[in-house]
Amino acid sequence: MEDAEPGNAVVDQLPDGVVIADAAGVVTVVNDQARRLLGNRAQVGRPLTEVMALQDQESREWYASNLPYDGLGSRVGLTEQSWLTSEGVEVLVTGKINRVGRFGVVESVGLVIRSGRGRARLDRDRSDLVATVAHELRSPLTGVKGFVSTLLSKWDRLNDEQKKLMLTTVHADSERLSRLITELLDVARIDTGRLPLYPRPIDTRAVVERCVVSVRAGTARTIESSYAETTPEIFADPDKFSQVVTNVVDNAIRHGEGTVRLSVEPISEPFDGVLIRVDDEGEGIAESIRARVFTKFWKHGARGGSGLGMYIVNGLVRVHAGEVLISDSDSGGARLEIRWPSTDLRS
């Protein structure tokens with residue numbers, strides 16, 4: 001690779017800093033981003049020890065800690081580590097040690113330096129996630145703790161109806177905790193791509209109607225379902241598909257108004273499969289915020305929920321190679337459409 005002079009090197013177009021040193025430890029390549037992150041000392045022709053004058057939180061030097069030209073002859077890489085510049089700015093450094101043959105002498109060392117701001121933002125996101133989860137768990141736990149404490153301390157003074165009411169509430173709160181934990185596990189598996197799936201052809205109408213009947217039993221709202229005369233099978237994990245349908249209908253009840261209408265019909269575009277449409281008669285969802293509905297812990301309005309249901313719906317649909325969209329229903333409320341393939345389209 002040619003020496004990287006400002007403005008004329010291919011590596012200047014990269015978003016991360018690049019530093020390459022030869023077998024003698026002399027820097028031969030420095031791009032613009034590396035100069036911005038490391039300062040004026042990052043120049044071609046200078047020793048790598050000077051260019052990479054970074055320290056960690058305990059004032060240890062980058063070069064002395066990594067010794068890229070020494071150590072085991074089998075070493076070919078440097079794991080990503082956090083370091084501080086002389087101005088106290090965090091940078092993340094990773095590298096590759098290039099050798100002359102296996103276990104040979106070091107021919108060159110290539111380093112990538114990037115700003116630590118992205119990691120700081122990720123740390124803040126993780127902190128927000130922990131805080132949100134803690135809040136969601138605390139609410140039902142507080143109820144369980146309070147009612148159990150009352151039952152233990154006042155058991156003899158409570159009548160059967162009072163005991164039954166408290167135990168019913170404890171049961172409901174424990175069910176809520178169980179659902180939340182299940183949702184959190186699903187989110188983690190979706191994020192990491194480790195969601196266990198056991199897909200097979202299933203009877204669409206039978207599974208959808210079973211979900212509708214289950215949700216209908218727990219609400220006073222009217223849920224209407226309709227099906228095309230011929231409803232094709234779909235290729236899906238039955239449990240995950242049931243979870244999607246249940247979440248979507250439950251979400252329409254929680255956040256919508258009036259009658260909830262569900263319909264199922266065959267489609268041929270963008271693939272052969274079925275279209276599941278769920279309409280409510282509420283205020284609808286503004287187009288400007290529809291994409292946010294599928295993000296973690298997103299909530300709209302004052303009604304309950306963990307804010308994970310629609311994120312999980314979107315994840316489960318897409319892992320089956322389907323798609324989910326939000327639009328307006330004919331009544332002015334929200335419409336959610338799920339297109340699910342009849343065959344295995346997963347890559």
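What about Gly45, is it at positive phi and touching a residue at least 12 places away in the same chain (Cβ under 8 Å)?
In short, yes.
Show the residue pairs meeting these rules: Cβ distance below 8 Å; 6+ apart or different chains; first residue within the stretch 69-91 and touching a residue at least 40 places away in the same chain (Cβ under 8 Å); second residue among the hydrophobic types (A, V, I, L, M, F, W, C) and in a loop (DSSP other than H, G, I, E, B).
Thr85/Leu54; Ser86/Ala53; Val91/Leu54
Asp128: at pLDDT below 90 and under 30 Å from Gly307 (Cβ atoms), yes or no?
Yes: the conditions hold for Asp128.
I want to confirm something. Restricting to the stretch 303-338 and keeping residues that are at pLDDT below 90 and on the phi > 0 side of the Ramachandran plot, which single residue is farthest from the chain's Cα centre (by Cα)?
Gly332
Which of the strands (runs of 3 or more DSSP E) contained wholly in the stretch 1-99 include at least 1 residues that are more than 33 Å from the chain's Cα centre (by Cα)?
17-21, 27-30, 90-99
If Val29 satisfies all but one of (1) under 25 Å from Val100 (Cβ atoms); (2) at pLDDT below 90; (3) touching an Asp or Glu at 6+ places or on another chain (Cβ under 8 Å), what's the number of the condition it fails?
(2)
Do we have any residue at all in the stretch 229-237 that's modelled with pLDDT of 90 or more, assigned to a strand (DSSP E or B) and within 16 Å of Glu337 (Cβ to Cβ)?
yes
Applying the selection to the stretch 163-201, what residues are crowded, with 16+ Cβ neighbours inside 10 Å, hydrophobic (A, V, I, L, M, F, W, C) and free of Cβ contacts under 8 Å to residues at least 60 places away in the same chain?
Met166, Val170, Leu177
Give me the residue from the stretch 49-81 that is among the small types (Gly, Ala, Ser) and on the phi > 0 side of the Ramachandran plot and, out of that set, surrounded by the fewest Cβ atoms within 10 Å (Cβ to Cβ).
Only one residue tops the list, namely Ser59.
The values are calculated or read from the model by the stated rules, or taken from the named source; none is laboratory data. Owing to the predicted nature of the structure, the values given are computational and were not obtained by experimental measurement. No Cβ is skipped: glycine too gets one built from the backbone with ideal geometry, and neighbour counts run over all protein chains shown.
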